[in-house]
Amino acid sequence: MIELVGLTKRYGDKLAVDRLTFTVRPGMVTGFLGPNGAGKSTTMRMMLDLDNPTAGDVRIDGKHYRQLRDPLKHIGALLDAKAMHGGRSAYNHLLCLAQSNGIPTSRVSEVLDTVGLSSVAKKRSKGFSLGMGQRLGIAGALLGDPEILMFDEPVNGLDPEGIHWIRHLMKNLAGQGRTVFVSSHLMSEMALTADHLVVIGQGRLMADTSMAEFIAQNSRSYVRVRTPDHERMREALASAGHTAVVAPDGALEVDGANAAQLGELAARHQVVLHELSPQQASLEEAFMQLTAESVEYHAHAGPAGAHPLAAGAPYGGAAPGAVPPGAVPPGGGGYPSQAQPPQAYPPQGPPPGGTGQQGQAGQPGQAGQPGQQGGWGADWQRKKGS
């Protein structure tokens, strides 16, 4: 079990974690959610004594992490898939962890087989893909056969087979009575894996509840009814005290009733139904609803048709002052004001005698006098002669 009481972390003027209090209990997968910058990684680092809290306390089975003897036997964690010596083989990386925590050497081969890396056990980890690095990190977390497991973005870089495998691994570990704490931004995957949710925003606790309760509390649930006899169905709904909202496709959306009740109501009034389906928001929709005011980094779509990669341009537009091909620049630019490009010069520079004075910005373009010694052409000639 992991217990946090008033956990707080401040970096200068930045309050990264703000008085977090919650408990991660055994026998279930607890999902840890929050927008970017919410303080999830900082919280997990403080759980493992990698960062010292400014205030508050966190305990692993009643002790601080630093007080645990052979900590990998108590808690296994994956916070960074690349936190390993790239020159070591997968086997030797795990062997070092095993020897430092009093874990039998035979356990190394067991976990390599569990995560599917037996065939590359002797290869150096610096050549591993992100997904292979994730598998090796998970093997390290499993190495001590701990009662508590903590994963930060464990499916990052995994292929579909790997995602399916880690999902069932976490559920199986929780089914054995272990404590499983996992952070992820993949809401669809979290919805399939987690039993309980802890949600934070801007370092503060926003929700600590079951998956079903979280979705019910932060989204709209209704029953969709589609029938060829709208008026009769609406009259039946009104008689039962239900209000229906007409959807864009003509279906009726009814809040505050379940599908069974509405099916029986339609049968009593002899209304033919073409559809009767309960509708509930996804975890992603409920999460977005709850954390909308806590998002720190907002992305915005550019205007339609704009090119976001124009050099020096504001997002979605051309560079300031850029002139389309063939157009006349505002206020001239030192060449005749007809729609013509300026004269191209050979690599050795302007023609002898210079080019004359350039047109002034904000005034009609005016060509310099041919052969006139002045302007930047003359300066160029003098510098060349010197």
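What is the number of the single condition among (1) of a type outside the set (A, V, I, L, M); (2) in a helix (DSSP H, G or I); (3) surrounded by 19 or more Cβ atoms within 10 Å (Cβ to Cβ) that HIS168 does not meet?
The single condition HIS168 does not satisfy is (3).
Does PRO228 qualify as being out of contact with any Leu (no Cβ under 8 Å at 6 or more places or on another chain) and either of a type outside the set (D, E, K, R) or modelled with pLDDT under 90 (or both)? Lay out the reasoning, then the answer.
Working: out of contact with any Leu (no Cβ under 8 Å at 6 or more places or on another chain): yes; either of a type outside the set (D, E, K, R) or modelled with pLDDT under 90 (or both): yes.
The answer is yes for PRO228.
Could you tell me which residue of region 63-81 is farthest from ASN156 (Cα to Cα), considering only residues that are in contact (Cβ under 8 Å) with a residue 60 or more places away in the chain and part of a loop (DSSP other than H, G, I, E, B)?
ASP70
Going residue by residue through region 237-251, is there one that turns out to be part of a helix (DSSP H, G or I) and touching a residue at least 40 places away in the same chain (Cβ under 8 Å)?
Applying the first criterion (part of a helix (DSSP H, G or I)) to region 237-251 yields 237-239.
Keeping just the survivors that are touching a residue at least 40 places away in the same chain (Cβ under 8 Å) gives none.
The answer is no; no qualifying residue exists.
Can you work out which of the residues in region 9-27 that are surrounded by fewer than 18 Cβ atoms within 10 Å (Cβ to Cβ) and touching a residue at least 24 places away in the same chain (Cβ under 8 Å) is farthest from LEU68 (Cα to Cα)?
Looking only at region 9-27, we keep the residues that are surrounded by fewer than 18 Cβ atoms within 10 Å (Cβ to Cβ), and these are 10-15, 19, 21, 23, 25-27.
Narrowing further to those that are touching a residue at least 24 places away in the same chain (Cβ under 8 Å): 10, 15, 19, 21, 25-27.
Values: ARG10: 26, LEU15: 29, ARG19: 24, THR21: 22, ARG25: 19, PRO26: 18, GLY27: 22 Å.
In this case the residue turns out to be LEU15.
Here is a yes/no grid of residues against (1) surrounded by fewer than 18 Cβ atoms within 10 Å (Cβ to Cβ); (2) over 25 Å from GLY37 (Cα atoms):
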{"site": "GLY131", "(1), (2)": "yes, no"}
{"site": "GLN134", "(1), (2)": "no, no"}
{"site": "HIS185", "(1), (2)": "yes, no"}
{"site": "ALA194", "(1), (2)": "no, no"}
{"site": "ALA216", "(1), (2)": "yes, yes"}
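The values are calculated or read from the model by the stated rules, or taken from the named source; none is laboratory data. Given the structure is predicted, the values throughout are model-derived calculations rather than measurements. Using ideal geometry, Cβ is built from the backbone for each residue, glycine included, and neighbour counts are taken over all protein chains shown.
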